């Protein structure tokens with residue numbers, strides 16, 4: 001399918017010289033989407049069913065179709081940008097390799113202890129997710145560093161050597177290293193990493209001091225362990241994908257979408273795969289900015305095959321959270337705190353609800369109709385796909401109500417069977433509810449719309465934002481079908497449905513830019529902090545980021561910087577991330593950040609305490625490469 005685009009996308013000088021092609025591939029739970037564009041503004045769009053057993057097969061099939069059916073010359077493909085659900089799927093299913101954790105003596109059980117947050121606070125028998133690293137693979141070494149970086153006890157190198165050799169004998173190929181307070185002084189952790197590399201040269205290492213030099217022992221350990229568990233999977237997967245592209249004659253640079261809304265080269269992505277967990281949904285949010293018609297604030301709504309996700313653009317950026325859990329359970333529109341594995345990397349804050357085109361409609365013993373969170377996925381899929389699905393879904397209900405064409409899904413490549421949809425709805429929805437099939441299908445639709453509206457309400461109203469003043473950008477395979485009803489429930493007046501809305505996440509990949517974020521814990525009083533110290537910290541983080549951007553062929557003049565201070569009132573256990581105006585660290589800029597913190601605290605929590613001391617907990621830096 002070929003069309004003319006209204007936008008012109010470039011990545012750098014090399015694209016101006018000749019007609020080159022960029023390809024974006026997004027692998028979702030149900031469909032694999034590909035969008036490609038060249039310098040002549042031609043756009044090719046391909047949508048196939050995902051291959052769950054090996055997602056790379058579907059991705060390469062889509063590329064093969066681009067080359068063979070659309071007659072695209074493989075030598076012209078210079079950049080491939082990819083988004084995948086591989087990370088979240090691996091953690092949800094437990095399909096991860098054995099990993100080891102090496103930590104400070106006495107802290108072996110940090111993963112077990114966690115925080116006091118539990119999915120059910122008053123249920124003493126509640127079952128939590130098992131640690132990703134069982135106790136027998138968690139090892140201790142003698143050493144101790146204080147919170148301010150002083151060495152209390154030197155690293156016991158002889159014990160570290162014994163631990164490294166034991167890990168090697170056990171045949172464990174990936175190791176997480178997280179020593180107490182290594183964010184303040186990484187000397188011991190780096191030495192331990194050198195020992196592990198020397199004694200076990202084939203092991204993949206994740207050092208917390210390099211990955212996440214941020215305080216809070218449990219979250220830092222969890223993030224490092226998640227990264228270690230995903231490293232072998234992503235390393236093999238991306239290598240296989242690059243090899244498959246080469247076999248098709250494509251020698252392109254492969255980028256991967258990150259959860260922070262930026263891209264990264266595959267080589268770096270395989271080292272820090274924990275940054276990629278929400279890559280697909282975030283790509284769609286990036287593209288929605290392009291179609292928001294210059295609105296200062298808008299809501300992106302992505303309704304796919306399994307879930308619906310809503311994100312908010314406010315001011316000059318998406319709302320971002322640093323408190324993300326993967327693999328946790330949902331209660332309504334919220335991830336239940338303490339039910340998943342914490343990952344402390346910046347993630348575009350997407351409110352999720354388990355409603356999508358493949359969501360299964362079912363009736364409980366009390367004759368109450370439910371929709372989701374279970375999904376039919378790509379296989380067997382909705383009953384109307386004719387691929388063995390026996391359960392009614394939102395897609396089947398939409399087909400029965402005439403809201404969905406039976407002959408135009410996937411551009412006509414996938415024909416739906418209305419008879420199968422009608423039959424399953426009659427048997428499993430209408431009959432137990434003692435109603436007609438049409439009324440049953442309407443009930444399925446109304447529940448789905450109400451649940452999706454919940455997600456938008458949680459993303460806006462519950463955060464002090466008024467959705468009536470915002471534009472709704474609806475995309476995903478099912479987003480446009482429900483956009484107007486959802487907007488009506490929140491009294492939103494403007495709805496934008498982009499062209500090829502079902503492929504918007506892949507388009508977002510072509511619009512995304514390289515982005516690298518860094519963090520360091522400082523724990524300083526905001527009034528008395530040394531601005532020279534903060535400036536030095538930021539410059540140090542930005543030196544590393546510029547090195548990564550150079551590898552991605554971004555010139556220094558095209559790099560933009562954003563700096564943030566994570567701030568809280570003295571004694572609080574949570575922070576708000578406050579941008580530094582103009583990015584310059586001066587005494588005046590810090591005072592302005594303090595005032596912004598008071599205002600943000602008032603807006604988000606309903607109160608502020610201007611007479612109370614404010615603490616700077618972390619310094620953050622974002623370095624973006626402009627195309």
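The values are calculated or read from the model by the stated rules, or taken from the named source; none is laboratory data. Keep in mind that this is a model prediction, so the values were computed, not measured. Here the Cβ is made from the backbone with ideal geometry for all residues, glycine too, and neighbour counts use every protein chain on show.
Below, the figures for the structure above:
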item	result
Test result for residue 61, surrounded by 13 or more Cβ atoms within 10 Å (Cβ to Cβ), modelled with pLDDT of 90 or more and under 22 Å from the mean Cα position of the chain (by Cα)	no
Residues of segment 569-600 satisfying the condition of being under 14 Å from residue 612 (Cβ atoms), loosely packed, with under 13 Cβ neighbours inside 10 Å and in contact with a strand residue (DSSP E or B) (Cβ under 7 Å, 6 or more places away or on another chain)	570
Verdict on residue 488 being surrounded by fewer than 15 Cβ atoms within 10 Å (Cβ to Cβ), assigned by TED's automatic domain parsing to the domain that holds residue 304 and at pLDDT below 90	no
Residue within segment 64-72 that is crowded, with 21+ Cβ neighbours inside 10 Å, free of Cβ contacts under 8 Å to residues at least 60 places away in the same chain and out of contact with any helix residue (DSSP H, G or I) (no Cβ under 7 Å at 6 or more places or on another chain) present	yes
Selection from segment 302-323 of residues that are surrounded by 24 or more Cβ atoms within 10 Å (Cβ to Cβ) and under 21 Å from residue 90 (Cβ atoms)	304, 305, 307, 309
Residue among 153, 219 that is surrounded by fewer than 16 Cβ atoms within 10 Å (Cβ to Cβ), under 30 Å from residue 115 (Cα atoms) and touching a strand residue (DSSP E or B) at 6+ places or on another chain (Cβ under 9 Å)	153
For residue 468: the one exception among (1) free of Cβ contacts under 8 Å to residues at least 40 places away in the same chain; (2) surrounded by 15 or more Cβ atoms within 10 Å (Cβ to Cβ)	(2)
Entirely in segment 202-286, the strands (runs of 3 or more DSSP E) that have 3 or more residues that are touching a helix residue (DSSP H, G or I) at 6+ places or on another chain (Cβ under 6 Å)	204-207, 253-257
Wholly enclosed strands (runs of 3 or more DSSP E) of segment 520-627 bearing at least 1 residues within 22 Å of the chain's Cα centre (by Cα), at pLDDT below 95 and over 27 Å from residue 184 (Cα atoms)	614-625
Residue within segment 234-248 that is crowded, with 24+ Cβ neighbours inside 10 Å, more than 19 Å from the chain's Cα centre (by Cα) and in contact (Cβ under 8 Å) with a residue 60 or more places away in the chain present	no
Number of the exception - residue 106 against (1) farther than 25 Å from residue 324 by Cβ; (2) buried (at least 22 other Cβ atoms within 10 Å of the Cβ); (3) modelled with pLDDT of 95 or more	(2)
Any chance residue 524 is surrounded by 12 or more Cβ atoms within 10 Å (Cβ to Cβ), in contact with a helix residue (DSSP H, G or I) (Cβ under 6 Å, 6 or more places away or on another chain) and closer than 24 Å to residue 321 by Cα	no
Residue within segment 309-321 that is within 18 Å of residue 116 (Cα to Cα) and modelled with pLDDT under 90 present	no
Single match in 401, 369, 433, 394 (criterion: under 29 Å from residue 47 (Cβ atoms), touching a residue at least 12 places away in the same chain (Cβ under 8 Å), surrounded by fewer than 19 Cβ atoms within 10 Å (Cβ to Cβ) and not assigned by TED's automatic domain parsing to the domain that holds residue 30)	401
Any hit, segment 450-468, residues being closer than 30 Å to residue 541 by Cβ and outside any strand (DSSP E or B)	yes
Failed item in (1) part of a helix (DSSP H, G or I); (2) closer than 15 Å to residue 111 by Cβ; (3) touching a helix residue (DSSP H, G or I) at 6+ places or on another chain (Cβ under 7 Å), with residue 180 passing the rest	(1)
Count of residues meeting criterion [assigned to a loop (DSSP other than H, G, I, E, B) and within 10 Å of residue 378 (Cβ to Cβ)] in segment 32-55	3
Checking residue 224 against (1) more than 19 Å from the chain's Cα centre (by Cα); (2) surrounded by 22 or more Cβ atoms within 10 Å (Cβ to Cβ), the condition it does not meet	(1)
